[in-house]
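Read through the structure below, which is laid out as structure tokens, and then see the notes.
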Number of protein chains: 2
Amino acid sequence: MRIIPSFPLTVSGSRFRVRYQILGDEKTARSRAEDICIEQTIEYPADLVPEGGIREHVFGRIETFVSTGSDRYDAVISYADEISGYELPQLINIIFGNISMKPAIRVMELDLSDDLLSHFNGPRFGVTGLRELIGVPRRPLLFTAIKPIGLSAQQLADMAYKLALGGLDIIKDDHGIANQPFAPFKERVMRAAEAVANANAKTGLNTLYAPNVTGPTEIMIERIHFAKEAGATSLMLLPGFCGLDFVRRVADDDSIDLPIFVHPAFMGSFALSPDFGVDHLVLHGQMMRLAGADISVMPNYIGRFSYNRDECYRITRGCAVPMGQIKSIFPGPGGGISPESFADMVMVYGLDVAYLISGNLHRQSPDLTKNAQRFREMLENL
Amino acid sequence: MRIIPSFPLTVSGSRFRVRYQILGDEKTARSRAEDICIEQTIEYPADLVPEGGIREHVFGRIETFVSTGSDRYDAVISYADEISGYELPQLINIIFGNISMKPAIRVMELDLSDDLLSHFNGPRFGVTGLRELIGVPRRPLLFTAIKPIGLSAQQLADMAYKLALGGLDIIKDDHGIANQPFAPFKERVMRAAEAVANANAKTGLNTLYAPNVTGPTEIMIERIHFAKEAGATSLMLLPGFCGLDFVRRVADDDSIDLPIFVHPAFMGSFALSPDFGVDHLVLHGQMMRLAGADISVMPNYIGRFSYNRDECYRITRGCAVPMGQIKSIFPGPGGGISPESFADMVMVYGLDVAYLISGNLHRQSPDLTKNAQRFREMLENL
């Protein structure tokens with residue numbers, strides 16, 4: 001019955017660790033942990049694999065298995081670095097590939113070896129680099145989106161101008177502004193970049209403009225280069241559509257060399273249930289960082305989304321938890337951010353946060369510049 | 001308070017429809033439906049938008065809202081085709097972007113206008129084209145993976161040879177076989193393609209070989225062209241990592257011109273809860289088809305995954321439900337497929353299905369060729 005030959009395998013011995021939450025009574029949960037070791041690696045009947053290299057090195061290995069509550073276990077499983085091939089898609093595939101289709105398993109935290117991490121550059125700017133670029137050493141950053149879909153390129157640019165004049169740190173396109181006939185990509189980016197540059201010339205600030213770059217795979221890089229040449233000073237990407245490794249590819253590219261803000265559109269289903277999926281800390285924190293985002297846009301615990309305070313705190317942790325040479329990044333909470341909310345939010349996010357303000361920015365008065373100034377002053381006095 | 005100007009918008013009038021399941025009592029569910037109309041389009045305070053073009057054309061529109069059970073509603077919401085920009089990432093962003101981060105909303109079915117569908121080619125082969133290519137007019141296809149990680153390229157190729165000799169229709173790499181040092185991508189693809197070609201020369205069949213093409217974004221297209229030149233006769237892609245639009249880009253490329261099999265690694269969290277996410281019918285059926293997959297690999301209801309029989313039946317429907325000129329495709333159920341299971345599975349999948357056999361193929365006897373022949377004969381006699 002030996003279809004697989006027994007043979008030695010040469011591996012570095014370096015392993016990476018994934019902490020999973022597993023539900024079930026002890027027997028069920030342990031059997032689920034054992035199944036992860038197989039499903040995420042050989043995906044082959046374990047009893048048909050002889051003693052030797054594959055069994056010893058390629059199988060996942062349960063490092064710890066502890067109860068954390070009623071029918072709830074925490075299992076740390078390690079994998080040989082080599083089975084990632086040192087490529088991001090396969091690394092995530094090992095962390096949560098086929099088991100994404102099995103119930104009761106949630107990825108809680110990544111603990112990657114320094115050797116594995118040395119194959120990834122992570123964010124180009126990170127907290128320190130982005131603060132230097134914008135010239136804001138300490139306070140939270142202020143971030144907004146121009147919108148809605150339906151406005152013309154010129155109208156969006158006018159809005160960008162007024163907001164930049166009010167001293168916001170970053171103006172991005174709304175994530176739903178793509179390449180619609182109302183405001184085609186190229187025209188919009190040219191006008192908005194020019195508008196923000198004009199405002200910067202007046203204010204003396206370095207407000208960044210981040211076009212939302214989405215669209216057909218074939219022309220994504222072309223759109224990014226177009227945006228840069230048109231004066232965009234940062235980029236927004238949607239990894240739910242372009243893929244996390246595309247973010248990594250853009251962050252790694254010296255010819256682009258711009259800060260990257262990621263928006264989690266389409267990715268919420270990973271985090272929404274506490275019983276399965278990918279925890280907020282990993283999804284919005286560690287994975288986005290590994291992919292090279294400088295700000296990870298995320299739903300705030302106040303407002304119209306469903307994330308709670310503790311979940312948002314875990315994202316903050318995921319943005320800053322030690323990960324070898326990978327820089328810390330900003331969480332970018334959006335939804336429900338108002339002048340009144342800063343006092344509580346500082347306890348969740350600290351100061352290394354980029355607040356994404358929108359509805360409340362527009363609602364305060366018809367004078368967008370004044371509204372922006374008011375938010376900025378509040379943060380300067382925090 | 002009018003920040004947004006009132007102005008006319010020119011739109012085609014053509015709209016696409018999305019059927020959502022929404023949970024909650026009637027008031028809550030209706031308010032969630034109204035929220036979808038805003039969140040997925042303008043993402044801006046609706047009360048600040050004046051009468052006129054945006055309100056009339058850009059807001060989503062509730063077409064029907066009916067109770068389907070206790071605290072369970074079915075809402076069909078339509079959107080102007082234009083706000084998709086006729087680009088796949090933005091289309092999916094409208095269907096399920098920000099609302100992926102809100103609870104109690106599930107995408108149940110897509111009803112895209114013929115005009116919108118005319119911007120997409122869908123699968124290059126589809127059921128009819130793939131049957132012609134392989135030379136199997138009627139029976140289900142038989143599909144397997146070479147594995148596990150840890151085998152050398154030559155060992156994987158030997159396995160491919162034996163399986164192709166037994167008359168399987170498609171041999172693919174396991175989705176976990178990427179570019180590991182044990183069997184680097186190029187060497188593995190060259191050897192496996194050659195092995196399957198050698199077997200075809202003996203059998204007179206046209207068994208396809210599909211390398212798993214995953215890896216860094218920069219070299220994905222290069223890897224695909226390398227695979228084709230090395231003799232690969234189809235491709236496996238992982239949209240959870242490369243993105244759905246990358247599949248579309250490959251399917252559209254005349255210089256590639258190969259059938260595409262998609263594997264749902266990392267994507268299970270969308271479907272796993274019946275209360276939110278993207279229903280099996282849409283995720284594994286309609287979305288994969290729209291992206292251009294010819295076979296959508298999926299967890300079978302028998303075996304180690306958690307999908308049930310009805311969910312698998314819905315995938316079958318999603319693979320074949322009318323979608324303009326977009327061809328029907330094969331569901332590719334894997335997990336728990338044994339000779340004994342065919343009688344029940346035919347009721348779920350019909351004949352237009354590609355069975356992905358693995359464990360039971362290896363377990364029957366140490367002679368892989370004979371095992372493969374046995375499965376093939378069973379299907380020929382179905």
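The values are calculated or read from the model by the stated rules, or taken from the named source; none is laboratory data. On a predicted model such as this, the values are computed, not experimentally measured, just so you know. Note that each Cβ is placed from the backbone with ideal geometry, even for glycine, and that neighbours are counted across all protein chains shown. SASA here: full protein model, heavy atoms, side chains in, ligands and nucleic acids out. Shrake-Rupley method; radii C 1.70, N 1.55, O 1.52, S 1.80 Å.
Taken together, the residues in region A:146-196 that are free of Cβ contacts under 8 Å to residues at least 40 places away in the same chain, under 15 Å from B:Gly85 (Cα atoms), in a helix (DSSP H, G or I) and open to solvent by 10 Å² or more (accessible area, probe 1.4 Å) amount to 1.
Quick check on region B:116-133. Is at least one of its residues closer than 30 Å to A:His119 by Cβ and free of Cβ contacts under 8 Å to residues at least 40 places away in the same chain? Before you say what the answer is, go through the steps one by one.
Here is the first cut: in region B:116-133, the ones closer than 30 Å to A:His119 by Cβ are none.
No, because not a single residue in region B:116-133 is closer than 30 Å to A:His119 by Cβ and free of Cβ contacts under 8 Å to residues at least 40 places away in the same chain.
Give all pairs with beta carbons closer than 8 Å in which a residue from region A:328-339 that is over 13 Å from A:Gly303 (Cα atoms) and modelled with pLDDT of 95 or more meets a residue that is open to solvent by 10 Å² or more (accessible area, probe 1.4 Å) and assigned to a strand (DSSP E or B); count only pairs at least 6 apart in sequence or on separate chains. The qualifying pairs are A:Gly332/A:Leu356.
Tell me yes or no: at least one residue of region A:16-37 is on the phi > 0 side of the Ramachandran plot and of a type in the set (A, V, I, L, M). No, region A:16-37 contains no residue that is on the phi > 0 side of the Ramachandran plot and of a type in the set (A, V, I, L, M). Can you find even one residue in region A:51-71 that is touching a helix residue (DSSP H, G or I) at 6+ places or on another chain (Cβ under 6 Å), open to solvent by 20 Å² or more (accessible area, probe 1.4 Å), farther than 30 Å from A:Ala232 by Cβ and within 14 Å of chain B (Cβ to nearest Cβ)? Within region A:51-71, one or more residues are touching a helix residue (DSSP H, G or I) at 6+ places or on another chain (Cβ under 6 Å), open to solvent by 20 Å² or more (accessible area, probe 1.4 Å), farther than 30 Å from A:Ala232 by Cβ and within 14 Å of chain B (Cβ to nearest Cβ).
For every residue, the table says whether it meets (1) crowded, with 22+ Cβ neighbours inside 10 Å; (2) away from chain A (no Cβ under 14 Å); (3) at positive phi.
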position: B:Glu87; (1), (2), (3): yes, no, no
position: B:Ser113; (1), (2), (3): no, yes, no
position: B:Gly122; (1), (2), (3): yes, yes, yes
position: B:Leu130; (1), (2), (3): yes, yes, no
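Can you tell me which residue is nearest to the other protein chains (Cβ to nearest Cβ) among those in region B:202-214 that are buried (at least 23 other Cβ atoms within 10 Å of the Cβ) and outside any strand (DSSP E or B)?
Initial filter on region B:202-214 (buried (at least 23 other Cβ atoms within 10 Å of the Cβ)): B:207-214.
With the extra rule that they be outside any strand (DSSP E or B), the set shrinks to B:207, B:211, B:213-214.
Values: B:Thr207: 19, B:Pro211: 14, B:Val213: 10, B:Thr214: 5 Å.
Only one residue tops the list, namely B:Thr214.
Of all residues in region B:165-189, those that are touching a Phe, Trp or Tyr at 6+ places or on another chain (Cβ under 8 Å), more than 9 Å from chain A (Cβ to nearest Cβ) and either of a type in the set (A, V, I, L, M) or closer than 29 Å to A:His119 by Cβ (or both) total 6.
If you scan region B:251-263, which residues turn out to be within 14 Å of the chain's Cα centre (by Cα) and within 19 Å of B:Ile326 (Cβ to Cβ)? Steps first, answer last, please.
As a first pass, look at region B:251-263 and keep what is within 14 Å of the chain's Cα centre (by Cα): B:251, B:259-263.
Residues satisfying the conditions are B:Ala251, B:Pro259, B:Ile260, B:Phe261, B:Val262.
A quick yes/no check of all residues on (1) among the polar types (S, T, N, Q); (2) within 8 Å of another protein chain (Cβ to nearest Cβ); (3) in a loop (DSSP other than H, G, I, E, B); (4) under 30 Å from B:Asn371 (Cβ atoms):
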| residue | (1), (2), (3), (4) |
| --- | --- |
| A:Pro8 | no, no, yes, yes |
| A:Arg19 | no, no, no, no |
| A:Ala29 | no, no, no, no |
| A:Ile38 | no, no, no, yes |
| A:Tyr73 | no, no, no, no |
| A:Ile83 | no, yes, no, yes |
| A:Gln90 | yes, yes, no, yes |
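Looking across region B:16-55, the residues that are charged (D, E, K, R) and more than 18 Å from A:Ile177 (Cα to Cα) come down to B:Arg17, B:Arg19, B:Asp25, B:Glu26, B:Lys27, B:Arg30, B:Arg32, B:Glu34, B:Asp35, B:Asp47, B:Glu51.
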